[in-house]
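As structure tokens, the structure follows; a few thoughts come after it.
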Amino acid sequence: MSEKKMFFVPDECEEPFSRTTHLAIAAHQDDVEIMAYHGILECFGRKDKWFSAIVTADGAGSPRTGIYADYTNEEMIRVRIKEQKKAAYVGEYGFLSMLMYTSAQIKGDTPEIIEDYADIIKKSRPEFVYTHNLCDKHPTHVAVALKAIKALRALPKELRPKKLYGCEVWKNLDWLDDVKKVKFVCDEHLNLERALLGIFDSQITGGKRYDLATEGRRIANATYSESHGVDTCLRLSYAMDLTPLIEDDAMDIREFVAGHIDDFKNQVLQKLMRD
């Protein structure tokens, strides 16, 4: 377990675990707000649903320019913690757990991370869990998803969530077979979308316009989701349904992903053969 591990409850509730219904397990600060915005929306302003989040990395490896160009890793960590806490407060999270592991630890053989995930899931017993998709471009994101699956498989089935979603960050999922896509409409509280993404100034001013890119992707998904119909929503995010992997512990993860890739390959080749 990381010695720097931090736990934050925005409203200072004494029992933040028991109220949690939606949980995000993310790699970095701001990944939660990019990939699991649907869960935030589902719970925002509600008393019967609560969104909570786990952020695994310490944020030391963040790219930086502008006013952050000369920040040391330790200074950057402090900035990223402050930004993530602000997001938790604005988004009305049930709790925020920052595990403060390095990227090397996340990508390596670090059973403590799996144990941390399992412990939090056991305490909170969420119905829905959001994590990174298994085809993500970022190796740290994939490592988090794999460790999240291992943590869930380590728990008795009665403690596992109803659904496990692998969400978009560093690779979109528009290539997935339409019947296998999980489509999250994110039309409500557009002001909240921009507020949450805009909090992470160290990334935006530091050289990465995740705020514009994320909003643009959601808008593009909404328009390009259907080629023969009018738009039915303003914002749409996609996820891969990873639930089968926590329903059947013997299911091979690589074969599961390969099945989705084969579906895409076969669909493309079938269209090319029509002429």
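The values are calculated or read from the model by the stated rules, or taken from the named source; none is laboratory data. Model, not experiment: these values are computed from the prediction. Note that each Cβ is placed from the backbone with ideal geometry, even for glycine, and that neighbours are counted across all protein chains shown.
Take A118 and tell me if it is more than 24 Å from D211 (Cβ to Cβ), at pLDDT 95 or above, of a type outside the set (D, E) and not in a strand (DSSP E or B).
Working: more than 24 Å from D211 (Cβ to Cβ): yes; at pLDDT 95 or above: yes; of a type outside the set (D, E): yes; not in a strand (DSSP E or B): yes.
Answer is yes for this residue.
Being more than 15 Å from the chain's Cα centre (by Cα) and surrounded by 16 or more Cβ atoms within 10 Å (Cβ to Cβ) is the filter here, so list the residues in region 160-174 that pass it.
First, pick out the residues of region 160-174 that are more than 15 Å from the chain's Cα centre (by Cα): 160-162, 174.
Of everything in region 160-174, those that are more than 15 Å from the chain's Cα centre (by Cα) and surrounded by 16 or more Cβ atoms within 10 Å (Cβ to Cβ) turn out to be R160, P161.
What number goes with the only condition from (1) under 13 Å from the mean Cα position of the chain (by Cα); (2) over 28 Å from A250 (Cβ atoms); (3) of a type in the set (S, T, Y) that S97 does not pass?
(1)
Within region 87-104, how many residues turn out to be surrounded by fewer than 19 Cβ atoms within 10 Å (Cβ to Cβ), assigned to a helix (DSSP H, G or I) and touching a residue at least 60 places away in the same chain (Cβ under 8 Å)?
Of the residues in region 87-104, 2 are surrounded by fewer than 19 Cβ atoms within 10 Å (Cβ to Cβ), assigned to a helix (DSSP H, G or I) and touching a residue at least 60 places away in the same chain (Cβ under 8 Å).
Could we say that G39 is in contact with a His (Cβ under 6 Å, 6 or more places away or on another chain), of a type outside the set (F, W, Y) and touching a residue at least 24 places away in the same chain (Cβ under 8 Å) here? Before you say what the answer is, go through the steps one by one.
Numbers: in contact with a His (Cβ under 6 Å, 6 or more places away or on another chain): yes; of a type outside the set (F, W, Y): yes; touching a residue at least 24 places away in the same chain (Cβ under 8 Å): yes.
Yes.
If the requirement is being closer than 24 Å to H189 by Cβ, surrounded by fewer than 24 Cβ atoms within 10 Å (Cβ to Cβ), in contact with a His (Cβ under 9 Å, 6 or more places away or on another chain) and not small (G, A, S), which of these qualifies: E83, E127?
Within the list E83, E127, the selection yields E127.
So is T110 surrounded by fewer than 23 Cβ atoms within 10 Å (Cβ to Cβ) and over 30 Å from C13 (Cα atoms) or not?
yes
If you check G229, G198, which single one turns out to be under 29 Å from M76 (Cβ atoms), surrounded by fewer than 19 Cβ atoms within 10 Å (Cβ to Cβ) and small (G, A, S)?
On inspection, the qualifying residue turns out to be G198.
Filter region 52-76 for residues that are more than 23 Å from R194 (Cα to Cα) and either among the aliphatic types (A, V, I, L, M) or within 17 Å of the chain's Cα centre (by Cα) (or both); which is surrounded by the fewest Cβ atoms within 10 Å (Cβ to Cβ)?
A69
Does A24 satisfy the condition of being within 21 Å of the chain's Cα centre (by Cα), surrounded by 23 or more Cβ atoms within 10 Å (Cβ to Cβ) and closer than 21 Å to P161 by Cβ? Show your work before the answer.
Details: within 21 Å of the chain's Cα centre (by Cα): yes; surrounded by 23 or more Cβ atoms within 10 Å (Cβ to Cβ): yes; closer than 21 Å to P161 by Cβ: yes.
Yes; evaluated as a whole, the condition is true for this residue.
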